[in-house]
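Data first, discussion second: the structure below is written as structure tokens.
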Amino acid sequence: MASGKHRDNIKQQSKAAAKKSGNSIASRISNSFRNHQQVAVDSLDRLLASISGTLMIWIMIAIAMALPLFLLLFLQNLQQFGSDLDEASQISVFMNTTTEMPRLEQLRDELLGRSEIQNVEIISAETALQEFQASSGFGDILSGLDENPLPPVLLVTPLAQDAAVLQPLLASLQDYPEVDEVQFDLDWLQRLYGILNLAQRLTYMIGLLLALGVALVVGNTIKLAIENRRDEIVVVKLVGGTDAYVSRPFLYTGLWYGAGGGLIACVLILLAQLILQGPVSRLAGLYEGEFALVGLGISGFFMVLLLSAMLGWFGAWLSVLRHLRAIEPG
Amino acid sequence: MIKFDAVSKRYPGGQEALSQISFQLAQGELAFLTGHSGAGKSTLLKLIMLMERASSGQVFVNGQNLNRLSRRQLPFFRRNIGLVFQDHQLLFDRSVFENVALPLQVAGYDSRDAARRVRAALDKVGLLQKENQNPIRLSGGEQQRVGIARAVVNKPALLLADEPTGNLDPQLSAEIMRLFEEFNRVGVSMLIASHDLSLIASLEHRILSLEKGRMIRGATETSAGDL
Ligand SMILES: Nc1ncnc2c1ncn2[C@@H]1O[C@H](COP(=O)(O)OP(=O)(O)OP(=O)(O)O)[C@@H](O)[C@H]1O
Ligand SMILES: [Mg+2]
């Protein structure tokens, strides 16, 4: 009789086990997907339920994200402005005053044949003198001289703007015996580029540090959340919750912190762009330039959102790794 | 179902909480675990739940040597054991229904199947009409029954209870014990720690007695169920 009961028990248990393992892989995947979805929604609800605290963290993250982005965009705009100036830059090749017109034309044709040169314009000594007289107001003094003191000039417009091409070009121009001096106002531009480059690297470093800061802020907030939900974690672990299951709500919370902060950062940048657009185009108008501000753009927006969401997730993951595993029932 | 083989447990910096414990609990058996305060009852249950690990000796559950169970396997192992606490350990940020559903949620049951099982468990402990309430508004006895519903909802083969009637009056305690016997009758193996001697003496089940970490009675008895 007793063994009959025993056998019944076993039958019952194996039936229950069959039912449990009867969960097909497909249904288990769809269940796990639903769990993710539900946890994502739940953790967002939790954040929205305590909106003032959440907002504070979002804004903190937004500022940390927006600051390096502002700097980067500012630098990018400067660079674009610089390259606008570049296009106007020409090389002035001052010839010996004795160089005659035929030789100048010959030189021009020779230079035009070179691939790195876009255009060559001859300014004869006479033209130079006329221009100078017209623009300087020293016309009378100059016309008193019996000899034209100004040299003829070749205005060379290079095709490319970067130093790697320009440097040898300038050197080779200097090599002609008739050339007195080669002047090129790229020096300050190059210095500007050097500074911009440095500033950009600095910004990347600041960005990296601030990103680390974001991860730590999220991590610390998650740490508090973990401590607040300690009892729940213990119970869930006792009824068989895996580490992944227990961590999931916290990882999603981190994700939402990051994504929310990123969204606000994008809004801040957009606002700044709207505010600056007017004054900048007025300023550009003064310089007869056409200058549109470089903004984030759609892809930049998504990049920022993705990056900050990932940062939040990462911060939460660090925190979960450190604090959640330490919570064990017992 | 459970087998202890010369198991000792020493907490770090403490004396031995359990020494040289050997006993077996057969499949489908119900046994009480008793002893004075500090005798080691909770410690013994914790070893079975792997909330603590034995310092020496071996614990087997369902033929599985717990010394060989990895951290990764632990959650899946625990899903086969229901656990009832003295202080019920309910979560007050969710309803009775959600508390009971927790083990199913954790194991990835789909929600319709889970709802059916939760209602069946709540029905068995007589709390079906309170499923939407917050457990904080229930009486002590009702809270304990919610805890029991949660422990049995995924039909574990083994149920452990640590002082499940510790905070209840005699009448409620007897009611809870009847509930346990009902589950035992459908085949669940049970080990119930309690120092309510008069109550457990009135029920005809095997009694394991601990004293200062040693098992002084019941270790070699065979259970009524196996006779
Ligand atoms: N986490 C721990 N660290 C150190 N010592 C502990 C720990 N838990 C229990 N002990 C000690 O182990 C011994 C057994 O404790 P245990 O909780 O198992 O007793 P118990 O029989 O459940 O007592 P009670 O009836 O009071 O619940 C006690 O001496 C206790 O002080
Ligand atoms: Mg105890």
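Answer yes if at least one residue in the range B:162-177 is away from ligand 1 (no atom under 16 Å from the Cβ), out of contact with any Lys or Arg (no Cβ under 9 Å at 6 or more places or on another chain) and within 14 Å of chain A (Cβ to nearest Cβ), and no otherwise.
Within the range B:162-177 (the criterion being away from ligand 1 (no atom under 16 Å from the Cβ), out of contact with any Lys or Arg (no Cβ under 9 Å at 6 or more places or on another chain) and within 14 Å of chain A (Cβ to nearest Cβ)), the answer is no, since none of the residues qualifies.
Quick check on my filter: what residues within the range A:222-250 are in contact with a helix residue (DSSP H, G or I) (Cβ under 6 Å, 6 or more places away or on another chain) and of a type in the set (Lys, Arg)?
Selection gives A:Lys223, A:Arg248.
Based on this model, can you work out whether A:Lys237 counts as surrounded by 21 or more Cβ atoms within 10 Å (Cβ to Cβ) and either under 30 Å from B:Gly108 (Cβ atoms) or away from every other protein chain (no Cβ under 14 Å) (or both)?
Yes.
Could you go through the range B:120-134 and let me know if any residue there is out of contact with any helix residue (DSSP H, G or I) (no Cβ under 8 Å at 6 or more places or on another chain) and within 16 Å of ligand 1 (Cβ to nearest atom).
As a first pass, look at the range B:120-134 and keep what is out of contact with any helix residue (DSSP H, G or I) (no Cβ under 8 Å at 6 or more places or on another chain): B:120, B:123, B:129.
When the remaining residues are screened for being within 16 Å of ligand 1 (Cβ to nearest atom), the result is none.
No, the range B:120-134 has no match at all.
Rundown of residues vs (1) more than 30 Å from A:Ser30 (Cα to Cα); (2) touching a residue at least 60 places away in the same chain (Cβ under 8 Å), yes/no style:
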residue: B:Leu104; (1), (2): no, no
residue: B:Ala120; (1), (2): no, no
residue: B:Glu131; (1), (2): no, no
residue: B:Gly141; (1), (2): yes, no
residue: B:Val152; (1), (2): no, yes
residue: B:Pro164; (1), (2): yes, yes
residue: B:Leu168; (1), (2): yes, no
residue: B:Leu172; (1), (2): yes, no
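State yes or no: is B:Ala107 aliphatic (A, V, I, L, M) and more than 9 Å from chain A (Cβ to nearest Cβ)? Steps first, please.
Details: aliphatic (A, V, I, L, M): yes; more than 9 Å from chain A (Cβ to nearest Cβ): no.
No, not satisfied.
From the residues in the range B:117-163 that are buried (at least 20 other Cβ atoms within 10 Å of the Cβ) and of a type in the set (S, T, N, Q), which one is farthest from B:Arg78 (Cα to Cα)?
Applying the filter and picking the extreme gives B:Gln143.
Restricting the search to the range B:165-202, which residues are β-branched (Val, Ile, Thr) and more than 16 Å from B:Glu29 (Cα to Cα)? Break it down stepwise before answering.
Kept after step one, since they are β-branched (Val, Ile, Thr), are these residues of the range B:165-202: B:165, B:176, B:186, B:188, B:192, B:200.
B:Thr165, B:Ile176 - these are the residues of the range B:165-202 that are β-branched (Val, Ile, Thr) and more than 16 Å from B:Glu29 (Cα to Cα).
Residue by residue through the range B:78-93, note down the ones that are assigned to a loop (DSSP other than H, G, I, E, B), within 9 Å of another protein chain (Cβ to nearest Cβ) and not hydrophobic (A, V, I, L, M, F, W, C).
The answer is B:Arg79, B:Asn80, B:Gln89, B:Asp93.
Could you tell me which of the residues B:Leu138, B:Leu210 is within 16 Å of ligand 1 (Cβ to nearest atom) and not β-branched (Val, Ile, Thr)?
Going through B:Leu138, B:Leu210 in turn, the sole match is B:Leu210.
Please return the ranges of helices (runs of 4 or more DSSP H) entirely within the range A:91-155 where 3 or more residues are of a type in the set (S, T, N, Q) and at pLDDT below 90.
Passing ranges, in order: A:125-136.
Could you tell me how many of the residues in the range B:93-133 are in contact with a Gly (Cβ under 6 Å, 6 or more places away or on another chain) and among the aromatic types (Phe, Trp, Tyr)?
0
Would you point out the residue of the range B:75-89, among those that are buried (at least 19 other Cβ atoms within 10 Å of the Cβ) and without any contact (Cβ under 8 Å) to a residue 60 or more places away in the chain, that is farthest from ligand 1 (Cβ to nearest atom)?
B:Pro75
Residue under question is B:Ser194, and the condition is that it be closer than 30 Å to B:Phe76 by Cα, within 16 Å of ligand 1 (Cβ to nearest atom) and away from chain A (no Cβ under 14 Å); does it hold?
Yes.
Output the residues belonging to the range B:54-69 that are more than 10 Å from chain A (Cβ to nearest Cβ) and either in contact with a His (Cβ under 8 Å, 6 or more places away or on another chain) or part of a loop (DSSP other than H, G, I, E, B) (or both).
Result: B:Ala54, B:Ser55, B:Gly63, B:Leu69.
Given the condition part of a helix (DSSP H, G or I) and either at the interface with chain A (Cβ under 9 Å from one of its Cβ atoms) or without any contact (Cβ under 8 Å) to a residue 40 or more places away in the chain (or both), answer yes or no: does some residue in the range B:154-161 qualify?
No, there is no match, as no residue in the range B:154-161 is part of a helix (DSSP H, G or I) and either at the interface with chain A (Cβ under 9 Å from one of its Cβ atoms) or without any contact (Cβ under 8 Å) to a residue 40 or more places away in the chain (or both).
Would you say B:Lys3 is more than 13 Å from chain A (Cβ to nearest Cβ) and either away from ligand 1 (no atom under 16 Å from the Cβ) or farther than 28 Å from B:Leu203 by Cβ (or both)?
When the stated conditions are applied, B:Lys3 passes them.
Taking the criterion of being more than 14 Å from chain B (Cβ to nearest Cβ), assigned to a helix (DSSP H, G or I), among the hydroxyl-bearing types (Ser, Thr, Tyr) and loosely packed, with under 14 Cβ neighbours inside 10 Å, would at least one residue in the range A:201-221 satisfy it? Can you show your working first?
In the first step, residues of the range A:201-221 are kept if they are more than 14 Å from chain B (Cβ to nearest Cβ); the result is A:201-221.
Those left that are additionally assigned to a helix (DSSP H, G or I): A:201-221.
Add one more test, that the residue is among the hydroxyl-bearing types (Ser, Thr, Tyr), and what stays is A:203-204, A:221.
This time we only want the ones that are loosely packed, with under 14 Cβ neighbours inside 10 Å, so: A:204.
Looking through the range A:201-221, at least one residue is more than 14 Å from chain B (Cβ to nearest Cβ), assigned to a helix (DSSP H, G or I), among the hydroxyl-bearing types (Ser, Thr, Tyr) and loosely packed, with under 14 Cβ neighbours inside 10 Å.
Just one of (1) more than 16 Å from ligand 2 (Cβ to nearest atom); (2) facing chain A (nearest Cβ under 9 Å); (3) not in a loop (DSSP other than H, G, I, E, B) trips up B:Arg72, so point out which.
(3)
The values are calculated or read from the model by the stated rules, or taken from the named source; none is laboratory data. Computed from a predicted structure; not experimentally measured. With ideal geometry, Cβ positions are generated from the backbone for all residues, glycine too; neighbour counts draw on all protein chains shown.
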